[in-house]
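These notes concern the structure reproduced below.
The values are calculated or read from the model by the stated rules, or taken from the named source; none is laboratory data. It should be emphasised that the depicted structure is a prediction, and the values quoted were computed from it without experimental measurement. Heads up, the Cβs are rebuilt from the backbone with ideal geometry, glycines too, and the neighbour counts pull from every protein chain shown. All accessible areas refer to the heavy atoms of the entire protein, side chains included, with ligands and DNA or RNA removed. Shrake-Rupley method; radii C 1.70, N 1.55, O 1.52, S 1.80 Å.
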Amino acid sequence: MNDSQVRLLFKVSAVFNWAAAVILFWVSGIAVDLGMQPVPNGNAYELIGVLAIAMFGLGYWWVGENPKENISIVKLGLISKLLVVIVVYSCFFAGTANLNLAILVSGDLVFAALFGKFLADVKRF
């Protein structure tokens, strides 16, 4: 990936995270509309999770602004995205999350792969 592609990747990832946070923020009602039962209902743990998703989006935006100086954010993001996928897919197979949520976090799997490619190629920057 060239520099402009890297910057675009992380800015798109930021927007993806922010969109996910809006979807999962219980007041928006979007998760209900998308049939993501059981849906968030606004308890403190869920709100902390939504906040974390949004804050990771801010981190990805910062990477998009300066990829070279934010490698640690990429590493943390890669690990986090993989763990989110593992948790949600595990819940899906256990019957406590539905297909719509599993599909949503499949985006995290795609971004994790792209983050991994960036980290593998980082010596070129």
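Numbers for the structure displayed
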item: Positive minus negative residues near A14 (Lys, Arg vs Asp, Glu; Cβ under 12 Å); result: +1
item: Calculated FRET efficiency for the pair K11/V87, C-beta based, R₀ 35 Å, to 0.05; result: 0.85
item: Cα pair distances exceeding 15 angstrom across the stretch 75-122, given as percent; result: 43 percent
item: Solvent-accessible heavy-atom area per residue, rounded to whole Å², over the chain at 1.4 Å; result: 57 Å²
item: Cα coordinate range in the chain, projected on the principal axes (Å, largest first); result: 44, 27, 21
item: Portion, in percent, of the accessible area of the chain that falls on carbon or sulfur, probe 1.4 Å; result: 72 percent
item: Pairwise label distance in nanometres, Y45 with L109, each label 7 Å out on the Cα-Cβ vector; result: 2.5 nm
item: Formal net charge of residues neighbouring Y60 (Cβ-Cβ distance under 13 Å; K, R +1; D, E -1); result: +2
